[in-house]
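**Q** Structure in structure tokens, see below.
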């Protein structure tokens, strides 16, 4: 943050690009954008388009207390600036990442409210406000997809099934999940039961045919299930849908949901809920 303070004290205050911020802080491009979009509502700077900003006089509030501020100090100060619950939840992850110079990991809690335990796992009752805030953040900056803990992705997608109108959504245990992360059921006429296997992978880490076939094997072993879905934040290996064992199941028994399809689905669910409100 000393970088921002020094630039604010220049006459006149100089415009700062995200590239400069990244060099000064040691951030990657994705980390810088995530930092920028998360801190913008605190009023520390004024955006000029998507790639640059001016620091505001609010930045000088750091100088009186912590000119050589540690990331822990910045964290405490920024928390005081943050009036919205989502910022109080997000900022600790941002500054922890900045301190370690690793990719930020969004570790928001209370994305879901849980009910009783079932034989398969924890029953999801409903999504909470942070679930919607995460989707808004991703829509503004898709690179934030890769700042979310893989286990949180399972919760996000479980919440999506709830928002999609499934009557019963169960998040399975992290160990002993029997090849599925989420069990989503619609009851009544036209009832359906889905097993979803979530692959929260980085770009370039593709889901393999072997991983898809593993879920197909789970479908046959379970029998009383309508469909399997492999959901990934990345993509699938080339020509995976042409493999004989996979091709025979798509699209009615097996669905492959890549990053673009996933984000479109989540955006549609969020907009539908907001339009109903």
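The values are calculated or read from the model by the stated rules, or taken from the named source; none is laboratory data. This is a predicted model, so every value here is computed, not measured. Using ideal geometry, Cβ is built from the backbone for each residue, glycine included, and neighbour counts are taken over all protein chains shown.
To keep it simple, each residue is scored yes or no on (1) surrounded by fewer than 17 Cβ atoms within 10 Å (Cβ to Cβ); (2) in the same structural domain as residue 126 (by TED's automatic domain parsing); (3) closer than 18 Å to residue 203 by Cα.
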{"residue": "148", "(1), (2), (3)": "no, yes, yes"}
{"residue": "153", "(1), (2), (3)": "no, yes, yes"}
{"residue": "160", "(1), (2), (3)": "no, yes, no"}
{"residue": "164", "(1), (2), (3)": "yes, yes, no"}
{"residue": "168", "(1), (2), (3)": "no, yes, no"}
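**Q** Out of 169, 183, 229, which single residue is touching a helix residue (DSSP H, G or I) at 6+ places or on another chain (Cβ under 6 Å), closer than 27 Å to residue 117 by Cα, in a strand (DSSP E or B) and at pLDDT 95 or above?
**A** One residue alone meets the criteria, 169.
**Q** Can you find, within region 115-146, the residue that is surrounded by the fewest Cβ atoms within 10 Å (Cβ to Cβ) among those that are part of a strand (DSSP E or B) and in contact (Cβ under 8 Å) with a residue 40 or more places away in the chain?
**A** 123
**Q** Out of contact with any helix residue (DSSP H, G or I) (no Cβ under 6 Å at 6 or more places or on another chain), closer than 23 Å to residue 152 by Cβ, in contact (Cβ under 8 Å) with a residue 40 or more places away in the chain and in the same structural domain as residue 166 (by TED's automatic domain parsing): does that describe residue 256?
**A** Values: out of contact with any helix residue (DSSP H, G or I) (no Cβ under 6 Å at 6 or more places or on another chain): yes; closer than 23 Å to residue 152 by Cβ: yes; in contact (Cβ under 8 Å) with a residue 40 or more places away in the chain: yes; in the same structural domain as residue 166 (by TED's automatic domain parsing): yes.
So residue 256 fits the description; yes.
**Q** Please find, among 237, 248, the residue that is touching a residue at least 24 places away in the same chain (Cβ under 8 Å) and in the same structural domain as residue 265 (by TED's automatic domain parsing).
**A** None of the others qualify; the one that does is 237.
**Q** Filter region 192-223 down to residues that are in contact (Cβ under 8 Å) with a residue 12 or more places away in the chain and assigned to a loop (DSSP other than H, G, I, E, B) and give me whichever is surrounded by the most Cβ atoms within 10 Å (Cβ to Cβ).
**A** Within region 192-223, the match that is surrounded by the most Cβ atoms within 10 Å (Cβ to Cβ) is 200.
**Q** Sort out which residues of region 174-191 are surrounded by fewer than 21 Cβ atoms within 10 Å (Cβ to Cβ) and touching a strand residue (DSSP E or B) at 6+ places or on another chain (Cβ under 8 Å), and write them in order of number. Spell out how you get there, then give the answer.
**A** Keep residues of region 174-191 that are surrounded by fewer than 21 Cβ atoms within 10 Å (Cβ to Cβ), which gives 174-179, 185-191.
Result: 179, 185, 186, 187, 191.
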